Amino acid sequence: MAQGNSSRVTEFILLGVSDTRQLQLLFFTLFLLAYAMVLLGNLLIIVTVRTDPKLSSPMYFLLSNLSFIDICYTSVTAPRALVALLSGHRAIAFEGCMAQLFFLHFVGSSEMFLLTVMAFDRYTAICRPLHYTAIMARRACWALVAACWVGGFIHSIVQTVLILQLPFCGPNAIHSYFCDVPPVIRLACADTALTERLMASNSGLISLGCFLVLVASYVLILAKLRARLSQGHWKALSTCASHVMVVTLLFMPCIFTYLRPAGTLPTNRYVRVISTIFSPMMNPIIYTLRSSEVKESIWRL
């Protein structure tokens, strides 16, 4: 194999989610349906928000950006996984693996930051309604979204550089259906203790920190609404509960994956399916069904 970047490995083998052909066909069907729902549901939200002037509030602006990120996030892993499940071709070039790893963390961390911004938007709208328009002005919303993307890029480039510093001389089988930091680190021909700690402090603490901020914001909203349980506030409380369910589906697999040393537990091939496939599928369902304005706009569209 060619030498490059202190590595003799030119490609990796993605072992996928199952070694049984019947289960592979079952997962192909489930993945295809979920990916189609992600694309159609999120595209429908984007088109609806962009074409309906009534959906011009910051909440819907952030929701359309979340839908765009969900499409990008799922598209990083799902198409290759579908091809591998159908054709059995599991090889991925070293450069392609590093690119997939980079974009996975770039888009994934940007989504985490954006969900945190959306929680701040909900907190401001419910707890500080008189200042909401001034705080969440359109220019501020654009700045917050841009900051999410910049933060995601910085996080991802750090992760990718850490991986590129490691030598890979075999084996090259990755126990997953996409390239990610923990399974790739296990294949390095070097002591990876420092890299694992840096990975945990980067991806793990970012996931945990954003999740705690989200939970804290919803706790503050709950405390604010406790004394004012009118019908409108019950609706806001129900909406917050559904949002907590969605972010839990995204954050818990990430915290479980990254906030632990890479070699302490065997890789669970199914844990990341929740965050990479099914969580982006749930976003359009939850955010659309919980908003009468969006449903009405979709019917008009």
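General observations
- Every condition in (1) modelled with pLDDT of 80 or more; (2) within 27 Å of Leu85 (Cβ to Cβ); (3) open to solvent by less than 30 Å² (accessible area, probe 1.4 Å) is met by Val246 except one, and the failing one is (1).
Residue by residue, here is whether (1) crowded, with 20+ Cβ neighbours inside 10 Å; (2) more than 24 Å from the chain's Cα centre (by Cα) holds:
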| position | (1), (2) |
| --- | --- |
| Arg8 | no, yes |
| Glu11 | no, yes |
| Gly16 | yes, no |
| Leu32 | no, no |
| Ala36 | no, no |
| Ser56 | no, yes |
| Ser67 | yes, no |
| Asp70 | yes, no |
| Val76 | yes, no |
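- Ala125 vs. criteria touching a residue at least 12 places away in the same chain (Cβ under 8 Å), of a type in the set (A, V, I, L, M, F, W, C), in contact with a strand residue (DSSP E or B) (Cβ under 8 Å, 6 or more places away or on another chain) and surrounded by fewer than 20 Cβ atoms within 10 Å (Cβ to Cβ): no
- Single residue of region 38-54 satisfying the filter (surrounded by 21 or more Cβ atoms within 10 Å (Cβ to Cβ) and of a type in the set (A, V, I, L, M)) that is farthest from Leu104 (Cα to Cα): Val49
- Residue match in region 120-136 (condition: more than 18 Å from Ser56 (Cα to Cα) and of a type in the set (S, T, N, Q)): no
- Being assigned to a helix (DSSP H, G or I), in contact (Cβ under 8 Å) with a residue 40 or more places away in the chain, of a type outside the set (Gly, Ala, Ser) and more than 27 Å from Leu14 (Cβ to Cβ) is true of Val117.
- Selection of first residues in region 83-94 that are outside any helix (DSSP H, G or I) and of second residues that are open to solvent by 80 Å² or more (accessible area, probe 1.4 Å), restricted to Cβ pairs under 9 Å at least 6 apart or on distinct chains, gives the following pairs, ordered by first then second residue: Gly88/Arg21; His89/Val83; Ile92/Arg80.
- Residues within region 11-47 that are in a loop (DSSP other than H, G, I, E, B) and among the polar types (S, T, N, Q), tallied: 2
- Val150 within 21 Å of Ala119 (Cα to Cα) and of a type in the set (Val, Ile, Thr): yes
- In region 125-162, the residues that are under 24 Å from the mean Cα position of the chain (by Cα) and of a type in the set (Ser, Thr, Tyr): Ser156, Thr160
- Residues in region 30-56 that are under 17 Å from Tyr270 (Cα atoms) and touching a Leu at 6+ places or on another chain (Cβ under 9 Å): Phe31, Leu32, Tyr35.
- The set of residues from region 87-115 being farther than 21 Å from Thr257 by Cα and open to solvent by less than 10 Å² (accessible area, probe 1.4 Å) comprises just one member, Ile92.
The values are calculated or read from the model by the stated rules, or taken from the named source; none is laboratory data. Owing to the predicted nature of the structure, the values given are computational and were not obtained by experimental measurement. Quick reminder, even Gly has a Cβ in these numbers, built from the backbone with ideal geometry, and neighbours come from all protein chains shown. Note: accessible area is taken over every heavy atom of the protein model, side chains too, but ligands, DNA and RNA are not part of it. Shrake-Rupley method; radii C 1.70, N 1.55, O 1.52, S 1.80 Å.
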